[in-house]
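S.K.: Encoded as structure tokens, here's the structure I'll be asking about.
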Amino acid sequence: MNPLNPVSLENQANFESPIIIALDYTSEAEVMNLIQQLDPSLCKLKVGKELFTACGPKLVEKLVISGYKVFLDLKFHDIPNTVYRACKVGCNLGVWMLNVHASGGIRMLEQAKLAVDESNSDTLLIAVTVLTSMNQADLAQTGINEDIKTHILNLAQQSYHAGLDGVVCSAQEAAHIKHATSPDFIIVTPGIRLNDDVTTDDQQRIMTPKKAIQNLADYLVIGRPITEADDPREQLLAILSSIKSIKSV
Ligand code: C5P
């Protein structure tokens, strides 16, 4: 069986692609150009601030209707009532996952969770710990002098105790957080690069797809390494192939 053949992947009963492609674009045309090369069985899609600001909720709904699981990555961080209301609207869009910043505090996290529960939706709610673009020195500049790994773990545990479904963190911290919370606590990891020695762009805490899965990441957010590839579909299939033995796909 050719591991790069998508049909062979789709037909395997246990297969759930862990890849979330970051649609960091400013137009619907660019999104459609990419996704017509893809398939909902091969990946999920992430709509972040750039695309959402450019194209709004209509495009999110369009992606949901076309069968993709959509991660609405707006990283809400505001007063508890505002985040509660924003999460309700997010759930009503039918998204698979949405997120808030764990540093918004425990009351904000609890209100976000309440909004999802009241929406009677299956939407997963996760919290960003520390952005993967930040290192220890960046954190210190914000006035936080705690060791970055300790700080991330504290934010993850707060999110877990507030009832959230998981966190966003770097793959480097995934196993540590899994062990300190629960095997079911979802770990979503951006900062994925295809080789250890490639250009990291603005990401600081990076890992390859295979190592991220081995380090217990559940879902991998991948943007530029796929969207800027000469053939995004071939790149996605190659990544799926590289991790399939670990994910038993
Ligand atoms: O292009 P690249 O693979 O670096 O894309 C990373 C994506 O993941 C971006 O859309 C970015 O907003 C998102 N993200 C991140 N770090 C986080 C959370 C989300 O890089 N902590």
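S.K.: Along the three principal axes, how long is the chain when you take its alpha carbons, biggest first, rounded to the nearest angstrom?
M.R.: Result, largest extent first: 49, 38, 33 Å.
S.K.: Another question, if that's okay. How much mean residue ellipticity at 222 nm does the chain get from its helices, if each DSSP H run of length 4 or more adds -39500 (n - 2.57) and you divide by all residues, to the nearest 500 deg cm²/dmol?
M.R.: Numbers: 11 runs with 109 residues, N = 249.
Theoretical 222 nm ellipticity from helices: -13000 deg cm²/dmol.
S.K.: Here's a follow-up. Where a Cα-Cα gap under 24 Å defines reach, which lysines qualify for Lys44, not counting those fewer than 8 residues away within the same chain?
M.R.: Lys58, Lys62, Lys69, Lys75, Lys88, Lys113, Lys178, Lys210, Lys211, Lys244, Lys247
Laboratory data are not the source of any read-out in this text; all were calculated from the coordinates shown. Just so it is clear, the structure is predicted and the values come from calculations on it, not from any experiment.
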